[in-house]
1. Picking from 46, 57, which residue would you name as being part of a helix (DSSP H, G or I), of a type in the set (D, E, K, R) and touching a strand residue (DSSP E or B) at 6+ places or on another chain (Cβ under 6 Å)?
2. Determine if segment 51-72 includes at least one residue that is surrounded by 10 or more Cβ atoms within 10 Å (Cβ to Cβ), under 23 Å from residue 14 (Cβ atoms) and of a type in the set (A, V, I, L, M).
3. Would you pick out the residues in segment 79-89 that are surrounded by 14 or more Cβ atoms within 10 Å (Cβ to Cβ) and in a helix (DSSP H, G or I)?
4. Need the failing condition index for residue 37 against (1) buried (at least 17 other Cβ atoms within 10 Å of the Cβ); (2) more than 17 Å from the chain's Cα centre (by Cα), just the number.
5. Pairs only if they're at least six apart or on different chains, beta carbon under 6 angstrom, first in segment 32-43 and without any contact (Cβ under 8 Å) to a residue 60 or more places away in the chain, second among the β-branched types (Val, Ile, Thr); list them, first residue then second.
6. Going by the structure shown, is residue 29 surrounded by 12 or more Cβ atoms within 10 Å (Cβ to Cβ) and modelled with pLDDT under 80?
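The values are calculated or read from the model by the stated rules, or taken from the named source; none is laboratory data. If you're wondering where the values come from, they're calculated on a predicted model, not measured in any experiment. Note that we place each Cβ from the backbone using ideal geometry, even for glycine, and neighbour counts take in every protein chain shown.
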Amino acid sequence: MNHATARLETSSGPVSQEDLRTLALGKAPCITAVLTIPDPLQLAPRLRNVLRDLEKRLSNLRIEAPASADLLRPIRAVAATLERDGDWSIGLALF
């Protein structure tokens with residue numbers, strides 16, 4: 001069987017299969033978002049859309065607003081930094 005794979009990079013290096021297994025075993029709430037960014041002009045709207053979608057999903061899971069805000073805070077910080085610096089790539093994984 002042929003499986004297509006994509007290499008995920010972080011500021012500290014590539015994300016390994018072991019990294020993903022460790023994340024999957026986590027007991028605390030964990031949010032993962034993966035999005036494509038075809039060009040730099042799409043960065044801001046796609047980040048806004050993924051954050052809005054995450055807010056809705058957390059609300060649907062009956063996560064209270066303060067807890068939801070705490071979970072989304074690191075993702076919002078990364079999004080703000082990416083927008084401020086104009087940094088982008090073809091794909092982005094947030095977890």
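1. Within the list 46, 57, the selection yields 46.
2. No, segment 51-72 has no match at all.
3. Scanning segment 79-89 gives 79, 82, 83.
4. (2)
5. Listed by first residue and then by second, the contacts come to 35/50; 43/37.
6. Answer is yes for this residue.
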